[in-house]
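Notes follow once the structure below has been shown.
The values are calculated or read from the model by the stated rules, or taken from the named source; none is laboratory data. Since this is a predicted model, take the numbers as computed values, not measurements. In this analysis, Cβ positions are derived from the backbone assuming ideal geometry, glycine residues included, and neighbour counts consider all displayed protein chains.
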Amino acid sequence: MTGTIRPLPETLVNRIAAGEVVERPASAVKELVENAIDAGASRVDVTLSHGGKALIAVVDDGRGMGPDDLALAVERHCTSKLADDADLTDIRTLGFRGEALPSIGSVARLAITSRPPGADQAWRIAVEAGRVGAVEPAAHPPGTRVEVRDLFHATPARLKFLKADRTEQNHAADTIKRLAMAHPEVAFSLSDGTRTLLKAPALTGGLLDDPHAARRERLGAVLGREFATNCVTVDVDREGARLTGHAGLPTFHKATAQDQFLFVNGRPVRDRLLHGAIRGAYQDFLARDRHPVVALYLDLDPAAVDVNVHPAKTEVRFRDAALVRGLIVSGIRHALAGAGHRASTTVAAGLLGRARPEGAEDHPAPRLALGGSWRGPARPSSGALETARAWQAPPAGDTNGPGFAEASARVPDAATPSPEPQPEPDPDPADTPLGRARAQVHTTYILAETTDGLVIVDQHAAHERLVYERMKAALADGGIARQGLLLPEVVELDEAAAARLLTRADELATLGLVIEGFGPGAVVVREVPALLGQVDAAGLVRDLADELAEWGQTLALKDRMADVCGTMACHGSVRAGRRLNEAEMNALLRQMEATPHSGQCNHGRPTYVELRLADIERLFGRR
Amino acid sequence: MARAPAPDAAADAVPPPRANPDLIGQAAAEAEVLRAWTGGRMSHAWLLTGPKGIGKATLAYRMARFVLSQPAPDEAGGTLFGAPPPPTDLAVPPSDPVFHRVQAGSHGDLRVIEPGFSDAKQAQRDLEAGRAPRRRGEIVVDDVRGLGQFLSLTPAEGGWRVVVIDAADQMNRNAANAVLKVLEEPPRRAILLLVAHNPARLPATIPSRCRRLPLRPLAPADITTLLGRLRPDLTESDRATLAGLARGSIGRALTLARTGGLEVYGELIDLLGQTPRMDVARCHALGDRVARDDDTWALFRDLLPGWLADMARLGATGRPPGDETPSGAAMARLSRAAPLDRWVAVWEKTIHLLGRTEAVHLDRKQAVLATLLLIERAAGRA
Amino acid sequence: MQLTIERSALLKSLGHIQSVVERRNTIPILSNVKLDARDGALGLNATDMDLEIAESVGSDIAKAGASTAPAHTLYDIVRKLPDGAQVELSLDGEGNHLVLRSGRSRFNLACLPVDEFPAMSAGSYTHSFSVSAADLRGMIDRTRFAISTEETRYYLNGIHLHATTSDGVPVLRAVATDGHRLARVEVPLPDGAAGMPGIIVPRKTVAELRKLIDETGMDVSVSLSDSKIRFAFDDCVMVSKLIDGTFPDYERVIPTDNDKVLEIDAATLGKAVDRVSAISAEKSRAVKMAVEKGQVTLSANSPDAGSAVEEIEASYDASPIEIGFNSRYLLDILGQVEGDAVRLVMADASAPTVIRDVADGSAIYVLMPMRV
């Protein structure tokens, strides 16, 4: 045996262990930034070079560490040594992440420079591929600077495993975004050495008094201004759990669920239950392959949640999962309902960008739409929207409601622009958010004039949404046709499930499913919703029983009906290409105003866009 | 038996389970099935378990052919000449029409559920060109579709209907649920045969509704016999070595033979035989070779700990090696070179290190060298 | 195997049988048609493993033998040969290829061994009888619309055929139901059908059978056992698996004490229902019937399009009743009525209604109302 086969280096164990804590630059960034936040920093600046492979530098203005703490911080298993006599804060601080610094030190060149506020000088310690150097005096302002250079240089195999610089940088940026969203009181910045990739100033003073505004500000800084202007505020609490945050408008959607940020007690998590709940909340508004953007903060009694199920995957487990799901679904739905028929501005903004003539670059891109004169009162779910509903909605008790065609048929001629008997016989367009129809173009779009702008409506999308909402309303009003079964179907269940279902028999009957008890542990299905056609009644009943057991809700039936409604609404709606007269167009506009969620069709496309006069003027360089 | 290996030179010699008339070494399992049949206690669902490559699917098809050759239950025994003699084994000769149709996949009363083609269009082209199309890694609900309809119709040939699921532990959740529905309400005159390499991966509700039929690894002699039949090109000593390494799996023996396992193994034994003075250059060469491709790396991860365990066992039982092979000689020498507890520690460390290397993508060559060094040091310190 | 056959005869037979061969098959032999030449005829045989159609065509057999060849390819080739051509079929030396010669064309088709071909026809039949094509067609046409497409209750995915008595007269009865409506048709029991087991003929078999009936005016001889059914036409034989299940006790759901009898012109009612239901595009179009002395008022409304009302004269003397039906179901049934008048016998808005063709006692339909 000659020296060419070298013994396993002492540090191999550390390197292997590091593989679990630090699997890529982003995980090192996460550990370091969390350390900084734990140290009470009010600003954290991160610099990455080559996606963090060459350098990760995290600078904070937190508590800092003295020479003894420094030495201890890079020592493996130091937490157990501290356990007996150390002050509890320190244990919390180093606690779970006690492994992080030594792990990083074992796979990279690590240098920590730190100065506690009030100390007269800073100290520095370096660890090179696992070898710990001595603590030396150094110069540094109060706070800590951690530098990680040449990550994984000691383990080439792992280095090879890393992705391109750009990808690694994105991962690291994503990590910092999540942390920044959870901590609006801390200023964050991320730079790649030449450019600033993220800048989120600390929100102080007045803004902090209004947590929603502060948060929206922070989300705007992190997710982009577009989100801040296209979101609604969520704030609900129930049984000691509180859900706050912001949910994007359904028209502001993405191809992936990447931009759904969830925080449980301030900790970023990715959890199937939570993401599923978000899907559920947006179900009526988005196509299956589109995803909303949300940032939600769930605060609840720490005892009600287990966050340590799997630290790496950031899964969590709730004691009362149904409560949490319900909170998310109802919180988002409530907030979206409040937004009424407001559609995202991004569509119009994008369109306008394209329409801008050459040489108009120096004009600021016109910011569109949401600020119409009607927008103020319409946005909160009460206000104008309620008023509109009051005089547009079908008479109470008439489940069928006046249909679009029917409504328009009542209008004798185009001279009376509004189809319904109403207090103002000749409404000023200013009072109608979507204005007065002026023309139909390409037999597909309706142009309407408002007091301060122009609205373009996609007639098919709009009508489809109206039909869908009306079907849903009809369902909700109990007007569901039921098909009797010639051969009643007996479904065997366990006794508890059967009993649970039967206690909800009335509710199910309003949805069109009539069941009766059939001895212990069985129900017999007498009638099914006619909408569903030939349906596997036994399967449906079993699904409902499962859901009742799991969620306490009977979603399956509503979901299936909504699916059918959606398909039917699409096929039964005014096709693009049909010529509408003015009365019909106005009728459509009035109904849109009166219908919640009419800002987008069932597939998440907008039903209308608004161009404000000011924006039109900008287009022509008049402003 | 072994999944039909990738179509290459060796493939011709190895018939796929549905066309394989030979089953060696599973007499006990076969007898259990036969007892159940003749005793009128044929279970409607069987779960055939055991490691890969020992004949589970081959037995499943053998059972299928047997059952499909039997008269319908209400016809059996009702003939003019009294009850037919009870069957004495499950064999159906390859000349039998049932054998042909099972092999061709055209038996009206047999439904095989296996992972579907990953690309239907490409598969059609492959089939037309006589190539084996690529299959998905799991059985999805589409692959199970049609099972309900198959079982809801009467048998085509009048007797039983048989479903073979190969392998049941490849079913994803939805597919498993669909199969579970059938198991919960088993149709009459129908038998489901589920092959599972890893039954623990099945939802617990499936095994609980099946009769378990565990198959044991094959005896080395059986492997040698089978290798003689399937790979007559190998030398006798190669076959013996493979049989020793196969751990009872003819599938594993064939894979080893196909992927150059014998050479890697030979080189490893040579090096181990040199302890405590291994040839450094050859160690590096072995490290390079092992690190190069996934198959060889998997082979090494499998071979070395296995060999160490055997060696430690030798030391523990104190049984004289009695084995004239280089491997036997090396084992005998090493097991004497250090106390048993030290070898057990080496074995544990080796497994740990190789596992870690795999898990966190450490340098494979380093790992090979490190393990060899570990062994050398343990042997040298005696 | 070597034979000569007339192109049009071969084409007709291939046309019949190729429809059961699935186009895309991952099991090669299932794409093939079996050819069996012997005794002065060429037997052709195709299957999808659930049903099999066999034809026999007279031809000049020089050498008996059998093989299998790709069905659709063979059909395409024969279809493109000129009318009146003679086709010569033979196997090459090794039997690996079917050689087809016609005029100056020559084709080589890859063959697969006959013993790989699925065997459907094995087994014995316990009952055989003969039924006229018209009767068989009537039984199918007037019941198949009610066959269920929902797969969980698989035993409803076909037509239930059985022998029974109706008012003391032995009959052969066909019944189909999807759980919402039921259709029952009977014909006098043919000789040989007495004591036959009750069977369920799968939907797909019904469809194939219906196509074959159209091409023959002759009687069809039916053979069956509890696991197989066989229909023999002139030169064509179809064998099918059955649904392996028990048809529900349908007699129980045919009400006998309904007392509100409405008689009405079938065509008028059908057209009115069709018009009124046009108001809604919904799948579950409900049409409401308000029945009072001498008159029926049909109405439908849709949250979308509005409402529609139509009045029809009718003969009715019982107390007024309002009852709703799925208009499509109602139209399906009215479509089977060949006579002028249809009779609806009702009890109340939630109980099954019996519908009959006044002029034809052989069919009875039961429809479950819809509740709006």
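Quick rundown of the values:
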| quantity | calculated |
| --- | --- |
| Identity of the residue in the range B:353-363, over 25 Å from the mean Cα position of the chain (by Cα), in a helix (DSSP H, G or I) and of a type outside the set (D, E, K, R), that ends up nearest to the other protein chains (Cβ to nearest Cβ) | B:Val360 |
| Enumeration of residues in the range B:367-382 that are at the interface with chain A (Cβ under 8 Å from one of its Cβ atoms) and farther than 19 Å from B:Met331 by Cα | B:Leu369, B:Ala370 |
| Where A:Gly62 falls short, out of the listed (1) at pLDDT below 80; (2) surrounded by 18 or more Cβ atoms within 10 Å (Cβ to Cβ) | (1) |
| Residues (closer than 23 Å to B:Val182 by Cβ and out of contact with any helix residue (DSSP H, G or I) (no Cβ under 7 Å at 6 or more places or on another chain)) located in the range B:115-136 | B:Arg135, B:Arg136 |
| Selected residue (only one of C:Phe107, C:Phe129 is among the aromatic types (Phe, Trp, Tyr), within 30 Å of C:Gly361 (Cβ to Cβ), part of a strand (DSSP E or B) and away from chain B (no Cβ under 14 Å)) | C:Phe129 |
| Matching residues, the range C:353-372, being more than 14 Å from chain A (Cβ to nearest Cβ) and either crowded, with 21+ Cβ neighbours inside 10 Å or free of Cβ contacts under 8 Å to residues at least 24 places away in the same chain (or both) | C:Arg356, C:Asp357, C:Ala359, C:Asp360, C:Gly361, C:Ala363 |
| Qualifying positions in the range C:328-352 - away from every other protein chain (no Cβ under 14 Å) and not basic (Lys, Arg) | C:Leu331, C:Leu334, C:Gly335, C:Gln336, C:Val337, C:Glu338, C:Gly339, C:Asp340, C:Ala341, C:Val342, C:Leu344, C:Val345 |
| Subset of the range A:498-512 (residues that are under 34 Å from the mean Cα position of the chain (by Cα) and at negative phi) | A:Arg500, A:Leu501, A:Arg504, A:Glu507, A:Leu508, A:Thr510, A:Leu511 |
| Subset of the range C:1-41 (residues that are among the acidic types (Asp, Glu) and either in contact (Cβ under 8 Å) with a residue 40 or more places away in the chain or within 14 Å of chain B (Cβ to nearest Cβ) (or both)) | C:Glu6, C:Glu22, C:Asp36 |
| Residue match in the range C:284-302 (condition: closer than 24 Å to B:Phe150 by Cβ, in contact (Cβ under 8 Å) with a residue 60 or more places away in the chain and not aliphatic (A, V, I, L, M)) | no |
| Subset of the range C:157-174 that is closer than 17 Å to C:Asp50 by Cα and touching a residue at least 60 places away in the same chain (Cβ under 8 Å) - its residue that is farthest from the other protein chains (Cβ to nearest Cβ) | C:Gly158 |
| Cross-chain or 6+ apart pairs with Cβ under 8 Å, the range B:120-136 first and at the interface with another protein chain (Cβ under 9 Å from one of its Cβ atoms), then assigned to a strand (DSSP E or B) | B:Ala123/B:Phe117; B:Pro133/B:Phe117 |
| Of all residues in the range C:224-267 being under 14 Å from C:Met289 (Cα atoms) and not acidic (Asp, Glu), the one that is surrounded by the fewest Cβ atoms within 10 Å (Cβ to Cβ) | C:Val261 |
| Subset of the range C:66-84 that is in contact (Cβ under 8 Å) with a residue 12 or more places away in the chain and loosely packed, with under 15 Cβ neighbours inside 10 Å - its residue that is nearest to C:Asn32 (Cα to Cα) | C:Arg79 |
| Qualifying residue in the range C:277-285 (condition: within 14 Å of chain A (Cβ to nearest Cβ) and within 18 Å of C:Leu136 (Cα to Cα)) | no |
| Condition met for A:Gly519 (of a type in the set (Gly, Ala, Ser) and either modelled with pLDDT of 75 or more or closer than 27 Å to C:Ser302 by Cβ (or both)) | yes |
| Every residue from the range B:153-186 that is part of a helix (DSSP H, G or I), within 14 Å of chain C (Cβ to nearest Cβ) and of a type in the set (A, V, I, L, M) | B:Ala178, B:Val182 |
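Residue-by-condition table, conditions (1) β-branched (Val, Ile, Thr); (2) outside the structural domain of C:Ala146 (by TED's automatic domain parsing):
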| residue | (1), (2) |
| --- | --- |
| C:Ser225 | no, no |
| C:Lys228 | no, no |
| C:Ser240 | no, no |
| C:Pro248 | no, no |
| C:Asp259 | no, yes |
| C:Ile264 | yes, yes |
| C:Asp274 | no, yes |
| C:Arg285 | no, yes |
| C:Gly294 | no, yes |
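Quick grid of which residues meet (1) assigned to a loop (DSSP other than H, G, I, E, B); (2) touching a residue at least 40 places away in the same chain (Cβ under 8 Å); (3) hydrophobic (A, V, I, L, M, F, W, C):
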{"position": "C:Ala308", "(1), (2), (3)": "no, no, yes"}
{"position": "C:Glu311", "(1), (2), (3)": "no, no, no"}
{"position": "C:Gly324", "(1), (2), (3)": "no, yes, no"}
{"position": "C:Asp332", "(1), (2), (3)": "no, yes, no"}
{"position": "C:Val345", "(1), (2), (3)": "no, yes, yes"}
{"position": "C:Ala351", "(1), (2), (3)": "yes, yes, yes"}
